[in-house]
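Working notes, beginning with the structure itself.
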Amino acid sequence: MENVTYIDHPLVQHKISMLRKKTTGTNEFRTLVEEIATLMGYEALRDLPLEDVEVETPIETCMTPMLAGKKLAIVPILRAGLGMVNGVLSLVPSAKIGHIGLYRDEETHEPHEYFCKLPNPIEQRTIVVTDPMLATGGSAVAAIDFIKQHGGKHIKFMCIIAAPEGVKRLHEAHPDVQIYVGHLDRELNENAYICPGLGDAGDRIFGTK
Ligand code: PRP
Ligand code: URA
């Protein structure tokens, strides 16, 4: 599928396996989510635009590439997407951060928005949307709908675990969005949880139940 990248790096795969274990506690879970986000971010940001700028080295003046344009925007889908922010920020500390608050209705599994605040001018920024889980795809599609309604154009979506249904739905709704997936799991169960998955990512990151 064009615009869908599966991150097959052994470190990412190992850390995802650690995340899956039900004995992995909150502290370790948070650290792993952050580390995976950094490793995935390295891959997802490989096409950031560069421009040559003049730099004086101790030896001579030269033209050398640096990141071009407006600063990157990282937009976590609340809550669980927050767990990935620091991981991406460690690569681009000057990034701006937006927030989109969505929760899944427990009956219908459809997302509901409760908060949206994005850095301006959003249309000039590369936007990295983060959410560890892409299940039905409803939350990711809704979040990216909002970002586009606010003018966002250059959008990447990073998730740690995806179900095939979610990748398909997101790609069909937003074929222009570059999707980065840490691991593609088997399927969704009757409660729209990813199998084998890791359970509820938000609860495991924040220690709630
Ligand atoms: C989880 C997850 C995604 C969403 C994925 O969030 O973090 O945002 O479900 O499911 P979908 O692809 O079927 O929409 P949840 O609604 O549980 O909220 P939380 O992050 O606050 O726990
Ligand atoms: N959200 C989660 O946190 N986990 C799933 O498996 C599906 C949606």
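What strands (runs of 3 or more DSSP E), lying completely within the range 24-91, carry at least 2 residues that are in contact with a Cys (Cβ under 9 Å, 6 or more places away or on another chain)?
50-56
Name the single residue that is nearest to ligand 1 (Cβ to nearest atom) among those in the range 107-119 being part of a loop (DSSP other than H, G, I, E, B) and modelled with pLDDT of 95 or more.
Top of the filtered list is Leu118.
Working only within the range 120-129, note down all residues that are surrounded by fewer than 22 Cβ atoms within 10 Å (Cβ to Cβ), in contact (Cβ under 8 Å) with a residue 24 or more places away in the chain and not in a helix (DSSP H, G or I).
Of everything in the range 120-129, just one residue is surrounded by fewer than 22 Cβ atoms within 10 Å (Cβ to Cβ), in contact (Cβ under 8 Å) with a residue 24 or more places away in the chain and not in a helix (DSSP H, G or I), namely Pro121.
Look through the range 177-192, keep the residues that are crowded, with 18+ Cβ neighbours inside 10 Å and assigned to a loop (DSSP other than H, G, I, E, B), and return whichever of them is nearest to ligand 2 (Cβ to nearest atom).
Result: Asp185.
Which of the residues that make up the range 137-158 are aliphatic (A, V, I, L, M), within 17 Å of Asn120 (Cβ to Cβ) and assigned to a helix (DSSP H, G or I)?
Answer for the range 137-158, where residues must be aliphatic (A, V, I, L, M), within 17 Å of Asn120 (Cβ to Cβ) and assigned to a helix (DSSP H, G or I): just Ile147.
The values are calculated or read from the model by the stated rules, or taken from the named source; none is laboratory data. Remember, predicted model here, so these are calculated numbers, not experimental data. Reconstructed Cβ throughout: ideal geometry from the backbone, glycine too, with neighbour counts over all protein chains shown.
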